[in-house]
Each structure stands twice: as structure tokens, then as C-alpha cells.
Amino acid sequence: MQFPGRRKKVIGSSQNDLYDHCLQFYGQPPLENISLTEFETFAVERLKLLKSVENIGVSYVKNSEQYVKKLDAEFSSLNFPLRTELGDRRVQGGTSEYEKRRKDHISHFILRLAYCQTEDLRRWFIQQEMDLFRYRFGELTSKHKTDFLHKNNLKYETVSAEEKKSLKDKLITSSYGLSGITVEEYDFYKVPFQDALDLVRTRKVYLLAGNAYIPHHEIVTIVLNDFRTRLSKALAMTARSLPAVQSDERLQPLLSHLSHAYVGQDYSIQKNMGKISLEQIDALSGKSFPLCMRHLHKALRENHHLRHGGRMQYGLFLKGIGLTLDQALQFWRSEFVKGKVDADKFDKAYAYSVRHMFGKEGKRTDYTPYSCMKVILSNPPSQGDYHGCPFRHSDPELLKQKLQNYKVSPSGINQILELVKGMHYQLACQKYFELTHNVEDAGFSLNHPNQYFTESQKLLGGGLEIKKEVDMSQRSQENPANMTRPSQANSKQAHEEMGDLDSFFQDE
Amino acid sequence: MSTSDYDPACLPDLLPLYYRRLFPFSQYYRWLSYGGVSKNYFQNREFSFTLKDDIYVRYQSFTTQNELEKEMQKMVPYKIDIGAVYSHRPSQHNAVKSGTFQALEKELVFDIDMTDYDDVRRCCSAADICSKCWTLMTIAIRILDRALREDFGFHHLLWVYSGRRGVHCWVCDDAARKLSVAARSAVAEYLSLVKGGEETVRKVVLSDPIHPFINHSLSVVERYFQQYAIVDQDILGSKESVDKVLAVFPVDRYFFKEGSSVSYDLHFSCVSVKSNSKKGGQYFDKEIMLQYCYPRLDVNVSKGVNHLLKSPFSVHPKTGRISVPIDLKELDTFDPFEVPTISLICEELEKPRAEEAEEDDMKDKENEQEAGERRRIRDYKRTSLAKYVKVFDRFLEAMARSRKGEMLKKSGEIEKDSVFHIHLILAFTLQMD
């Protein structure tokens, strides 16, 4: 791909051929110039799409009605191509079908650059792209499916009518839901068994002389296998040519950001600054902190110390929930001083790093609180560390114990552990949210610890009261039992202030 | 009997003789070279040896047949395993940049072990076998051979007796050797019907529709079931074993009517069972037959491209038996207790026709290698090993023919007549071996 300039070139008519089907295998990279803005926008939108694919895929049975409905909605809102014809004038908000397909094409290749670098990233990318492909292929009409196969050189022979007749009984008994009539009507494809391993493995297909006899509607499995193989190879090749791309200074930061991307609010602007008092932190940690931050807070209280990784992750989170620099300094100092660090040393060594977090030192970057992606993927904790994502980095047994200590129900714990086993860490945290807040559905897709906090506060009716530093309330100890909604008296008063408070906790 | 003559303590004396004069090196080399179509196929093949005192060495590789012979005669392995064809010579794998030394190809293999049937055989257990339970191997070979040929389209299968309690299958087709790990695992799963270990009572579950593969397998089992299970294994012969059969099904859902005889002298078909439930259980009779007879594979053996498996013609140190190829045409009469032991064939060797031996020795001094081969060919032919080497020869010939056929197909311009002529020449050449 070439990105020499900032001008957007008009695409020649030969490119129309490339986009004459709404679905593609992404065999050919795009050969046009695009602007950096478009580059970034396309990439971010596709990433949003893939993350939705992931979330929806765990919340609903894949390819069920609800699943399809939800994905359809995402597609529309993000302007990706559905199944309409190219010339279809049913334009939504000005983006033509052609432009959507172009975006689909280009964004896929950009994300390849970002996601080819490690096994984990590649696996994630391939998984979501496959689910996405399966969904889109499934939505095609029969004719479009055949068109697609032919366009992409999946020249599988169809089985002749005579052969079908002679094999009729065998074909009926080899696949689900086939009858004599459907066998006659449907096309069957003869596919070498190596290309149909999923069907062979589960014995859901008729095999003869090394060929699998696949009914038309099952062909998607075959196509998917092909897709996965091609994409896997392509990613490996991309990884090898990556150094050349990364040397382009305009792209390197963007690509690196994408692969750790949190695509959404980044909580760098504290609208709710100064609304939290230090005394509330203990209670809040039990009620509204995600598990990682609760863990860090507890470790800090117990050890009167946190190492760098923990300080960064927790410190930035606190900034995100609204602590001011002064509050932060007071918070950290008071805790560290209880430990082995005297006030002087704190001021000399640790205060600097707190100020740094707030952008008051060094290159004055106002650091943004870490998103879940970042916490999960970067900087894994080692001995003596308390940062990271407990669902990702804790041994399942220990995680179980911890959840038991926090009075999570046994069935809830099992659900969480299942999600952890499937590597759906954010969903596990979401489940933790649902269990500790006593709701069926969190109502949001968890991406960021501060989002957890915000949503929790929203749910709990914003039972915060604005208190000044001096005015000590007696809620200093963390009270695990108090995880459900605040008591009646409180909520009434809170309710009145809610109108005001709520606005502070709204997402943009 | 051949077995009673074998004493493992004699191995150190017998093995050198075996490797010098009986092991069919030229056929072995011919097999593993696969017609020389791929460069360095033999050179990049891994062998592993277990030497005296259980010393195990991996990553053995050889550049020529001669080198293979010399090394084996020098090291005198007690056990020989064959591994994969790698990207580089296995003996030099340490010199290769890490990550680039990779297993590329290997035959698709299956290992059927009698111990995996211990829960359903009453005559023996663990490493023991007898003529009564050997039928299980016959059934396994028939079912798998059919499936691998008819369903998967493979042609070149070598079935080998492992030397003690099971059989191995080497699928040597080109396509088979190139299969990925995922493909091997898929083939093995397709062929698996008996699932579950100690904790599982009901190991076979059938539901509609019954796949043609299962029906084919059932017809094989049914052929043998009466004799094997009812008579030989006598599974209905005692209350205990009948209970075991019935334990496979939740007894409360069924009741069964015996024949009039109280002594459980039943034919299986006389046991009628009434099912109370609509869902499942309608195939219980098939499930029982399969659970008692269907082949039990170890998927892990088949999955790995780099998995090492006992080599044909190696000796089994505990029994002394040679791992010989099995002739499927005589499968029903194959008797593992008639398979020659190393002591038997060495004995047979020592009964020379003395004058002939001296004459040949003189001729042989002229050309060492040829001499060695000629002598060896004469030698094994004098022993019980001969007929098994013949089976191996036929197997190799079939592969050679098929390779020529492939080559001819590729150069498609050849006229029909000339094809016929070439076939004649080739057939003539092959017989010269």
C-alpha cells in the first residue's frame, strides 16, 4: 500500500470490478491513495465493528435471530456494506454502497498491519474476521453465494444428477435435515476432504474416495476454512514486511495505538473533577470499582505501597474518576507514609511521578487512564505486582477464592470462570458487574475501568454526596456486604441531587 | 512352539545376526525412498533407536542404504522407531537455526492396542492376548481398511503386527504423507466411535441419522459378533457379564425378557428389550455391539506429524516377535502366535546347506555390498520370514506401479500404444528386483 500524499484520488472505473460483490476474500490489497484522516477513521470504525462482533458473539448464540439483528444494527450504524446491490439507490445518510465496500476493503487491510505482530493479536483478528465473514456470507442469497464461489476460484465440482441419485440414501443419512427431495433439489459439491475438516471430524458429511459431498447450504464451512487459511498466511507475510511500514512516522503511532486501541471514550477529560472525596474511596472500591482496581486499592491499603505498574494503573484510574492532583498527592502520601516511606522521601521520589501522571512534569503529557485492552495486553504483572487484569492474570483458583470472599454466588463464579476459560476477560468483568450490582444485563460493553465506575455510579443512583476533605464521614472501612443499592434514606436524598450529579456521569 | 524358544537374554547375540543377514534392508530403503521422487526424502527421515540398557537415541538419520545398514549393525538397536521426514537431516538438527528445523511429512498411522479393550474382554487383560480376543484386531483391520480406502480414497496401506498386543497401520499415499495435523486429527475423529474412559459406562452413542460409515462398520461387526462375543467372549455367560452389558443402559428404562432357560444360554437376538423412552435408546443393540467390538484408536498417535512409531521388521524385545506385515487376503487365518520370533529365524538360518554356503562365500568376496544383499536375500528366503517379506514386496510394487501411473498421467501427450509399451517395459523391470 502506498500513502504518499494527503490527497484523495478519484477511483478509476476498473476498480468497480473489485467491488461488484458486497463480500470479498480480501485477496488484493487496495491500490489507491487515501488521506491520513480516512486511514484513521476507517481503521477505527472497523475495529469498533470487530469488537461488536466479539461482544455480540458471546452474548448471543452465533447466527441466531438476535445475533443477526444486533449485528445488522452495528453494520448500519458504522456504515459497512450489507447485502444490497451496488447500484442500489437506497442510500443511508449519504454513504453509497460502493463507498461502504471500499471502506470494508481498505479498513481490513489497515487492521492487518496493526494485528499481524503477535500470536495473540493475530488469533483475535482472525477469529473476529471469520465470525464477521460467516455472518455476512450467511446473509447472502443463494445466487450471491454461488457468484461468490465462482468469483473466488472455489471451483468445486457439483455432483451430477445421476451420481446424486445413486448415492441418495447415503447422502440423506450423512447430513442433518436432508430428505429425498432436498437431495434432488439442492446442489451438492464434491470437495476434497482436506478442505472440509470440520465436517469430516464430526462425521456430518458423506465421504467417498477422498471427497466430501457437501450440500449447498453447508458450503460456508468450507469457505470459512479457506478464508482462515488465506488470512493466516497473509498475516504472516504482513508481519515480515511490517518494518518497512513502521518506518513511516505517520503510521507507526497510529498502528501501535490501534493494536492496543480502546475505541471509545478515553476518560482523559475529567468532567467530574473534585466530586470525589478521599474518604469515599474505600466504600467506592467495594461498590463501583472494577475488580482490578479493587484489588489494587486493597493491596495499597494492606501493604502501604504499590510498585510502578500498579501506581500507574490505579493512579490514572483515580484521576479518571475525578481525583485532583492535590487529592492524589494526599492520597498516595498518606498511604505510603504508613509504610516504609517517610514524608520526605515521598515528596522527593513518588510525588514526582504522581505529578507526572497529571501532566505536570516532564513532557507534560496528560496521560489517559488505561483501557481494558491495555491492561490485559501490556505489561503483565510479576511477583510482587498487583496490577493487570485479575481475569486475565490471576490463577483461576485464586480468582475463585477472591470472588468467594467478595460474596459472589457460586453459580456466578462458575459463569465468570467459563468466560475466563474462553479468554473473554472483559465479558467476565462485565458479568462480575452484573452479579455485584444485581442486574441481568450490564447494559454496556465493558472496555475501560473508568467506564465500569461510571456505569456503576449511574446504576447506584449516584449515591455520592459531595463532601469536603475536612468533613470526615464514617465510611472508612470497605464494606463488602454493602454491594447492593444504597439504603432507602440515602437514596431519597441522593435522588434529589441526582439530577445534578447525573449529568456529570453521562457519557459524551 | 516358537515362543518357548525365545529368551530375551539372547537378544544381544541374535540381533547382530538378524541385522547382518535377515533384516530386509533393500526393501526397507526402497519403501522409505518412495521412488526418489522427493529429494532427500530418505536422508531427512528421523529414526530413533532404543539400545541395550534402555538407552534411547533420537534424530538418527542416514544418507544411503549402506550407511543405514552399517549403523544398525554397529549400534544393534533393540527397538527401532520411524519418525517424520524433516526439513533438514535430523542428525544435524542442532546445527540448524532454531525454528527452521521442522517435521514436514509422514505417513498417516494408526495404532490399535489390545489393552484399550480391557473393559470389554474377559479372556485376557493388559499385555496378554489370545486367539479369542485377537478377533478384535481382525474386526479393527477390516473396518479401518475399508474406511481408509473407500471413504478417504487411500490406496497404499501397510498393516503390521506390532509384535505383542496390537496392530499398526501405515497409510503411505502421497496425499496421506502430506496431511496436516488438523487433517490427521479429523480423520482419526471420523474413525472414532468409542469415547470415554474409566468414568464412562456408555461409550457409544448413536442417534439419527446413522451415518453410512457407521452402517458399514456395523455390518463388519455383525459378521463376527456371534462367534466372538457370544461364543468366545461369552458375554452372556454369567450374571456378572450380563449385568455389565446391561449396565451400559439405564436399567430402569428397560426390562428384558430372557429366553426360557435360566442359565443365560442365550443368543443375543433372543433378548428383547422394551424401551420406555422415545428419545435415544432405539439403537441400544447396535451400541452394545460397537462398544464391545469397534476399533479403539489412540488419536494422539495419528495426530502428530512428528510422532514416532515402531518400525516394521523391528523386533519386539519382550516377545521376540518380528513386526511383520499382515496379508489382508489371509486376514481371517492370521495367527499372532505363528509370527516368527527372532530366535526361530536365526535357528532356521543356522541350518545351512553347507557346500552352497562356501561357494557363495567365494563369489561374494568380489563385491561386498551386492554380496551382502544377495546373501541376505537367500538367507531370509530360507526362513519363516520369507512370506512376510513377500507381502511387503507386493505392497512396494503396488506403490511403484501407482507412481509410474502418476508420472504418465502428468505427461499426458503419450499415445495409448506407447503407454502400453511402457507398461510392459516397466512390468518387466519390476520383476527383475
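The values are calculated or read from the model by the stated rules, or taken from the named source; none is laboratory data. Note that the coordinates shown come from a computational prediction; the quantities given were computed from them, not determined experimentally. Neighbour counts run over all protein chains shown; Cβ positions are idealised from the backbone, glycine included. SASA here: full protein model, heavy atoms, side chains in, ligands and nucleic acids out. Shrake-Rupley method; radii C 1.70, N 1.55, O 1.52, S 1.80 Å.
Of note:
- Among B:L136, B:G237, B:A176 - extreme Cα towards positive end, dipole of the range B:98-239, charges at beta-carbon: B:G237
- Entries in A:K400/A:K421; A:K287/A:K458; A:K204/A:K421; A:K145/A:K170; A:K298/A:K400; B:K39/B:K178 that, when Cα-Cα distance is taken, lie over 20 Å: A:K204/A:K421; A:K145/A:K170
- The value of relative contact order for the range B:88-163, using C-alpha pairs under 8 Å at least six residues apart, is 16 percent.
- Centre separation in Å (Cα based) which lies between the range A:163-204 and the range B:64-81: 49 Å
- Solvent-accessible ranking of B:M137, B:M289, largest area first, probe 1.4 Å: B:M289, B:M137
- A probe of 1.4 angstrom, applied to the heavy atoms of all protein chains, finds B:Y59 with accessible area near 60 square angstrom.
- Across the protein chains, with a 1.4 Å probe defining accessible surface, the residues B:K178, B:K404 rank B:K178, B:K404 from largest area downward.
- Taking all protein chains as shown and a probe of 1.4 angstrom, B:D113 keeps an accessible surface of around 30 Å².
- Tensor-based shape of the range B:39-101 (alpha-carbon gyration tensor, a/c under 1.5 rounded, otherwise prolate or oblate): oblate
- Dipole of the range A:103-241 [Lys/Arg +1, Asp/Glu -1 at C-beta], most positive-end residue of A:I219, A:Q117, A:G177: A:Q117
- Rotationally averaged projected area of the range A:268-414 (alpha carbon convex hull; nm²): 9.3 nm²
- Overall form of the range A:318-381 per C-alpha gyration tensor (a/c, 1.5; a/b vs b/c): prolate
- The C-alpha radius of gyration of the range A:171-232, expressed as a fraction of 2.2 N^0.38 Å, stands at 1.10.
- The accessible area of B:D145, taken with all protein chains in place and a 1.4 Å probe, comes to roughly 20 Å².
- Of A:K51/A:K431; B:K74/B:K310; B:K310/B:K351; A:K319/A:K340, those spanning more than 22 Å from alpha-carbon to alpha-carbon: B:K310/B:K351; A:K319/A:K340
- Percent RCO, i.e. relative contact order, over the range B:46-139, from Cα pairs under 8 Å lying at least 6 residues apart: 22 percent
- Over all other residues within a Cβ to Cβ distance under 15 Å of B:S343, the charged ones net out to -3, with Lys and Arg as +1 and Asp and Glu as -1.
- Of the residues B:M75, A:M237, A:M423, ranked by 1.4 Å probe accessible area with the largest first, the sequence reads A:M237, A:M423, B:M75.
- Using a cutoff of 8 angstrom between alpha carbon atoms and counting only pairs six or more residues apart, the relative contact order for the range A:288-421 works out to 25 percent.
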